[in-house]
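*Asks:* One structure follows; several queries about it will come next.
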Amino acid sequence: MKTISGRDFARIVERRGWRLLRVAGSHHIYGKQGSVVRLSIPVHGNQPLKIGLLRHLAKLADVENELN
């Protein structure tokens, strides 16, 4: 799995139906209709997300196949 920035990951989840609920500092909080899951995506410019966090967020958002 290649690393991507928080901004790029946010674009991916938005295409999958996730909506930006609020911004708390540098963390963008996303939610999806009918789901209790909330994604907190750190957006620090173009810095890549660490691989463990990226895998965890991708699993929660069900977008693992788009990152390979």
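Laboratory data are not the source of any read-out in this text; all were calculated from the coordinates shown. The model shown is predicted, which means the values in this text are computed figures rather than measured ones. Please note: Cβ atoms are built from the backbone with ideal geometry, for glycine as well, and neighbour counts cover all protein chains shown.
*Asks:* Projected onto the charge dipole of the chain (+1 at Lys/Arg Cβ, -1 at Asp/Glu Cβ, origin at the Cα centre), which of Gln33, Asn46, Asn65 gives the Cα projection farthest towards the positive end?
*Replies:* Gln33
*Asks:* Exposed loop sites here are trypsin sites (Lys or Arg not before Pro) in DSSP loop states with at most 16 other C-beta atoms within 10 Å. What is the longest stretch of the chain lacking them? Present the calculation step by step, with values, prior to reporting the outcome.
*Replies:* On the way: sites that count: Lys2, Arg16, Lys50.
Maximal segment without exposed cleavage sites: 17-49.
*Asks:* Scan (i) 20, 34, 22, 15, 7, 3, 0; (ii) 22, 61, 17, 0; (iii) 16, 28, 20, 15, 14, 7 for the value of P(r) over Cα pairs in 10 Å bins from 0, in percent calculated from this model and give just the label.
*Replies:* Label of the calculated value: (ii).
*Asks:* About its Cα centre, how strong a charge dipole does the chain have in debye, to the nearest 20, once Lys and Arg get +1 and Asp and Glu get -1 at the Cβ?
*Replies:* Roughly 100 debye for the chain.
*Asks:* Using a Gaussian network model of the chain with C-alpha springs under 10 Å, which one of Leu54, Leu21, Leu39 is most mobile by mean-square fluctuation?
*Replies:* Its mean-square fluctuation being the largest, the pick is Leu21.
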